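Structure first, then comments.
Just so it is clear, none of the values below were taken in a lab; they were calculated from the coordinates. Just so you know, these numbers come straight off a predicted model, no measurement behind them. All Cβ positions, even for glycine, are placed from backbone atoms using ideal geometry, and neighbour counts span all protein chains on display.
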Amino acid sequence: MADPDDVAAFGAEMRQKHFAFAEGYQPLNHGSFGTFPKSVLEYQRQLQFESESKPDTWIRYTYLDLLKASRSAVAPLLGAEAGEVVLVPNATTGVNTVLQNLVFQEGDIVLTFSTIYGACNKTIESLSEICPVSSHQIDITYPVTDDDIVAEFHSALQHVRANAKTPRLAMFDAVLTFPGARFPWEKLVAVCKEQGVLSFVDAAHGIGHVDLSHVGNVDPDFMISNCYKWLMVPRGCAVLYVPFRNQHLISSTVPTSWGYLSKAERTAIPAQDYFDKLFEKVSTIDNTPYCCIPKALEFRSKICGGEAKIRDYCFGLARHGAARMAEILGTEALQDDSRCCFATVRLPLTIAELGTDGDGPAVAKWMQELTPSEYETYIPIKFYAGAFWCRISAQIYLEIGDFEWAAATLMKICDRAKSQEWKGRNARANSDKSFIVAALPKAGSIRLSLRVENKVGLFSRLRDQTVARQ
Ligand SMILES: Cc1ncc(COP(=O)(O)O)c(C=O)c1O
């Protein structure tokens, strides 16, 4: 039972009581880095304190028991056994772990979709420099139906085989990064099984977001899911699912560490023992995020009422929020099927309104960067399929008013884009500076405050500079 003082309704009360956001900050992008409740933060600090009080005792012994408890706690969320899940720091490490362990033959192909997360695509590309493997990417543009996606997958398999190549592995998401949409991973795993292709589900946005308790039944060959995103575990924790039957395929970790044994050594011990040991201690990192899974689940069950209640609220909020934003903006939501926590909404801005030199991706980036620098929030904005779209993440600490605020803010930003403000941004900072330098006496320097942009042009800030005439 939750302490009555901790009980909070979803929305503003939840945010105020249980999360650490700064006053006035609008957290609309849970999908990128997640966040976790104050109670989990305090627990993690306590573990860090304990580990600093007796580093060897904690890291060599105490941590192992906590790790075991975390694997047991997280496995049911995937309908799996504790022995089939291990913890790694993030999804990219999980993707690299699987791909670097598979032994590819000449002509092997990894099938992917054009919606793949960029870093995962790069992982395959970089692997193709050292292994006989390449990728075949299936182009899809939303809106598409699940059936379209499955049909495209079938034709890609045929195409690869017709070119005398071997479709060895298919990698696809559970929920896409952009546009924020659920992907038919269950159907694609079934096709993979039928066709003798290994399946790897990138569920970076899966656990704590969509129901994955049927993973054990659907039975993909591999799955990775970030616990730090939607499960509210501190950053540095993801769960890698490898069913017992495939554990012999994983001989090392990323990076290779003390758990690794030679082929002769590891075949002499039970595969399960090897798999457990391999991932117990991979080099030296802060392992406290791994140990926070039970605490995060306790918050989600005691304070929030459980996974289903969280999903119902967030899916409903994403659906209603997207519809309300589309109404305010006079546009449309990408999908209206309420199957995930993302609201992807078109912005009221066309490429024609930007003038002849309007560069869609560059303007989208400019608008996105305005959100933290001038509006105390962060809203992913992309130029996608010929239009501007934003992605808002529904979460238990938000309510419909936050989506209305997002729409009003985006309306202002679109108006600024239409008035071509994006054109002069860099030029203005530079011309201010050269104007002042030109006004200096022949020899000498002056302290002044300038609005400048950092290396990636992200924030414009006031910074003191000493400017001297050359
Ligand atoms: C679909 C997908 N895969 C992989 C990743 C990479 O996650 P990480 O940065 O935790 O490695 C992300 C990150 O957002 C993602 O959206």
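Could you point to the residue in A322, P380, C304 farthest towards the positive end of region 279-386's charge dipole, with +1 and -1 charges on the Cβ of Lys/Arg and Asp/Glu respectively?
Positive-most Cα among the choices belongs to C304.
Over the chain, what is the relative contact order in percent, taking alpha-carbon pairs closer than 8 angstrom and at least six residues apart?
Normalised by residue count, the contact order of the chain is 18 percent.
What is the fewest-to-most order of I138, I400, I116 by other Cβ atoms lying within 10 Å of their Cβ?
Ranked by crowding around the Cβ, least crowded first: I400, I138, I116.
Under the definition of Cα pairs under 8 Å and six or more residues apart, what whole-number percent is the relative contact order of region 1-98?
Relative contact order for region 1-98 comes out at 12 percent.
Distance check, please: which entries in K281/K309; K229/K277; K68/K263 exceed 28 angstrom between their Cα atoms?
Flagged as over cut-off: K281/K309.
Using unit Cβ charges (K, R positive; D, E negative) and no other charged atoms, how large, in debye to the nearest 20, is the dipole of the chain about its Cα centre?
1460 debye
Region 202-262: D in µm²/s via Stokes-Einstein (Kirkwood Rh, Cα pairs, 4 °C, 1.567 mPa s)?
Estimated via Stokes-Einstein, D reaches 100 µm²/s.
What angle do you read, to the nearest 10 degrees and between 0 and 90, between the alpha-carbon axis of helix 185-195 and the longest principal axis of the chain?
50 degrees
With point charges of +1 on the Cβ of Lys and Arg and -1 on the Cβ of Asp and Glu, referenced to the Cα centre of region 5-154, which listed residue (P55, A9, I140) lies farthest in the positive direction of the dipole?
P55
Can you put S32, S225 in order, fewest other beta carbons within 10 Å first?
Ordered from fewest to most neighbouring Cβ atoms within 10 Å, S32, S225 come out as S32, S225.
Please arrange E23, E374 by counting, for each residue, the other beta carbons lying within 10 Å of its beta carbon, fewest first.
Lowest count first: E23, E374.
Taking the Cα atoms only, what angle lies between the long axis of helix 425-438 and the longest principal axis of the chain, rounded to 10 degrees?
Approximately 50 degrees, to the nearest ten.
Any idea how far the Cα center of region 276-339 sits from the one of region 49-64, in Å?
Between the Cα centre of region 276-339 and that of region 49-64, the gap is 30 Å.
For the chain, take the longest principal axis of its alpha carbons; what is the angle in degrees between that and the long axis of helix 118-127, to the nearest 10 within 0 to 90?
Taking Cα atoms only, the helix is inclined about 50 degrees.
Please tell me the relative contact order of region 218-341 in percent, rounded to the nearest whole number, where contacts are Cα pairs under 8 Å and at least six residues apart.
Answer for region 218-341 is 19 percent.
Once the convex hull of the alpha carbons of region 143-250 is built, what does its volume come to per residue, in cubic angstrom?
120 Å³
Could you pull out every Cys in the chain that lacks a partner Cys with its beta carbon under 4.7 Å away?
Flagged as lacking a Cys partner: C120, C131, C192, C291, C292, C304, C340, C390, C414.
How big is the equivalent ellipsoid of the chain along its three axes, where each semi-axis is √(5λ) from the Cα gyration tensor, reported in whole Å from largest to smallest?
Working through the eigenvalues yields semi-axes of 40, 29, 26 Å.
Give the aspartates and glutamates whose C-alpha is closer than 18 Å to that of K17, dropping any in the same chain fewer than 8 places away, or say none.
Excluding near neighbours in sequence, the set is D3, D5, D6, E42, E298, E399, D402.
Between region 387-428 and region 9-27, what's the alpha-carbon centroid distance in Å?
Result: 21 Å between the Cα centres.
In Å and whole numbers, how far do the C-alpha atoms of region 307-423 stretch along each principal axis, longest first?
49, 27, 20
Check cross-link reach from K423 to the lysines: straight Cα distance under 20 Å, and skip same-chain residues fewer than eight apart.
K365, K382, K412, K433, K455
Explain nothing, just the number: dipole magnitude of region 307-423 about its Cα centre with +1 on each Lys and Arg Cβ and -1 on each Asp and Glu Cβ, in debye rounded to the nearest 20.
It works out to roughly 180 debye.
Starting from the amide H of D173, placed 1.01 Å from N in the peptide plane, find each other amide H under 5 Å away whose residue is 5 or more places distant or on another chain.
The answer is D202.
Projected onto the charge dipole of the chain (+1 at Lys/Arg Cβ, -1 at Asp/Glu Cβ, origin at the Cα centre), which of L410, L188, H159 gives the Cα projection farthest towards the positive end?
L410
Residues with amide H under 5 Å of F113's amide H, sequence separation 5 or more or different chain, H placed in the peptide plane at 1.01 Å from N; which?
For F113, the qualifying residues are I138.
Of the DSSP beta bridges with both residues in the chain, give the percent that are antiparallel, rounding to the nearest 5.
Percentage antiparallel, nearest 5: 60.
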